[in-house]
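Trainee: Encoded as structure tokens, here's the structure I'll be asking about.
The values are calculated or read from the model by the stated rules, or taken from the named source; none is laboratory data. The shown structure was predicted, so the numbers you read here are calculated from the model rather than taken from an experiment. Ideal geometry is used to build each Cβ from the backbone, glycine not excepted, and the neighbour counts take in all protein chains shown. Note: accessible area is taken over every heavy atom of the protein model, side chains too, but ligands, DNA and RNA are not part of it. Shrake-Rupley method; radii C 1.70, N 1.55, O 1.52, S 1.80 Å.
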Amino acid sequence: LPKKYTIKEKDISSVSLTMIDVKGEEQLVGIIRCLDEEEKIKLALEELDSIKMQYEVKDNFLTTISQNLRNPIKTISTASNLLENNNSKYQSNHIHNYNELVKRNCYRLERLISNMNELVEIEKGLYSMEYVNCDIVKFLRDMINTTNKYLEDKGIEIDFKSNINKKIIQIDVDKFERIILNLLSNAIKFSDKGS
């Protein structure tokens, strides 16, 4: 019958002691086996189970939040569009400004929801990439030029320079564009007027 013992010295070790009665010889044979590795594996598996459960809770939370945010955003967007389309009825100079603010914030929330859903897909291994060949220099130059058009009234300009005229690489255009726009948005947010 195996029994487990703990030996305390510098390090704590667990051992298994098994006693076998050798019949006919009136002897006992003892087998001592170190269980350190088995204990470490057991602890690692318990930790993995705990981490897996935490990820599942987080994934469920993100999925629930994104589902619950989509409907109010759609309602707000619809109301904003109705106000914009009926601007002349309300005779207010401020409706257009308020609607632009509402639309921008709805767009931000929709991006946040998309990011949360992508995070869940990535962690579940369901996230897919759609690679295409793309001239990255032209792609970035066009993005910067488009962004600069929106920055004219802010007094900020992004200057694009490259030592390479053309470089074809494989990228997922939508995801790469989102990354660059996110970087540009942060740079613009923390840039002073006239910079």
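Trainee: Kindly establish whether Glu100 is open to solvent by 40 Å² or more (accessible area, probe 1.4 Å) and touching a residue at least 12 places away in the same chain (Cβ under 8 Å). I'd like the intermediate steps shown before the answer.
Mentor: On the way: open to solvent by 40 Å² or more (accessible area, probe 1.4 Å): yes; touching a residue at least 12 places away in the same chain (Cβ under 8 Å): no.
Answer is no for this residue.
Trainee: Right, next: For the stretch 163-194, how many residues meet the condition of being over 19 Å from the mean Cα position of the chain (by Cα) and loosely packed, with under 12 Cβ neighbours inside 10 Å?
Mentor: 11
Trainee: Any residue in the stretch 39-50 that's under 15 Å from Ser16 (Cβ atoms): show its pairings with residues that are of a type in the set (Ser, Thr, Tyr) and open to solvent by less than 100 Å² (accessible area, probe 1.4 Å) at Cβ separation under 9 Å, as long as the two are six or more apart or on different chains.
Mentor: Glu39/Ser13; Glu39/Ser14
Trainee: Regarding the stretch 42-51, can at least one residue be identified that is under 30 Å from Glu100 (Cβ atoms) and either open to solvent by 100 Å² or more (accessible area, probe 1.4 Å) or in contact with a strand residue (DSSP E or B) (Cβ under 9 Å, 6 or more places away or on another chain) (or both)?
Mentor: no
Trainee: Something else now. Between residues in the stretch 13-38 that are open to solvent by less than 90 Å² (accessible area, probe 1.4 Å) and residues that are at pLDDT below 75 and assigned to a helix (DSSP H, G or I), which pairs lie under 6 Å by C-beta distance while being six or more apart or on different chains?
Mentor: Pairs that qualify, where the first residue is open to solvent by less than 90 Å² (accessible area, probe 1.4 Å) and the partner is at pLDDT below 75 and assigned to a helix (DSSP H, G or I), are Ser13/Asp36; Ser14/Glu39.
Trainee: A further question on this structure: Restricted to the stretch 103-114, and to residues that are surrounded by 15 or more Cβ atoms within 10 Å (Cβ to Cβ) and of a type in the set (D, E, K, R), which residue is nearest to Ser77 (Cα to Cα)?
Mentor: Of everything passing the filter in the stretch 103-114, Lys103 is nearest to Ser77 (Cα to Cα).
Trainee: Next question. Would you pick out the residues in the stretch 22-64 that are among the small types (Gly, Ala, Ser) and in a helix (DSSP H, G or I)?
Mentor: Listed by number, the residues that qualify are Ala44, Ser50.
Trainee: Identify the residue in the stretch 115-130 that is surrounded by 11 or more Cβ atoms within 10 Å (Cβ to Cβ) and in contact (Cβ under 8 Å) with a residue 12 or more places away in the chain and, among all such residues, is farthest from the chain's Cα centre (by Cα).
Mentor: Filtering first and then ranking leaves Lys124.
Trainee: OK, next. Please enumerate the residues belonging to the stretch 141-162 that are open to solvent by 50 Å² or more (accessible area, probe 1.4 Å) and hydrophobic (A, V, I, L, M, F, W, C). Full working, then the answer.
Mentor: Quick first cut of the stretch 141-162, residues open to solvent by 50 Å² or more (accessible area, probe 1.4 Å) only: 141-142, 145-146, 149-150, 152-154, 157, 159-161.
Of everything in the stretch 141-162, just one residue is open to solvent by 50 Å² or more (accessible area, probe 1.4 Å) and hydrophobic (A, V, I, L, M, F, W, C), namely Phe160.
Trainee: Could you tell me whether the stretch 69-92 includes any residue that is loosely packed, with under 11 Cβ neighbours inside 10 Å, small (Gly, Ala, Ser) and at pLDDT 80 or above?
Mentor: Checked the stretch 69-92: no residue is loosely packed, with under 11 Cβ neighbours inside 10 Å, small (Gly, Ala, Ser) and at pLDDT 80 or above.
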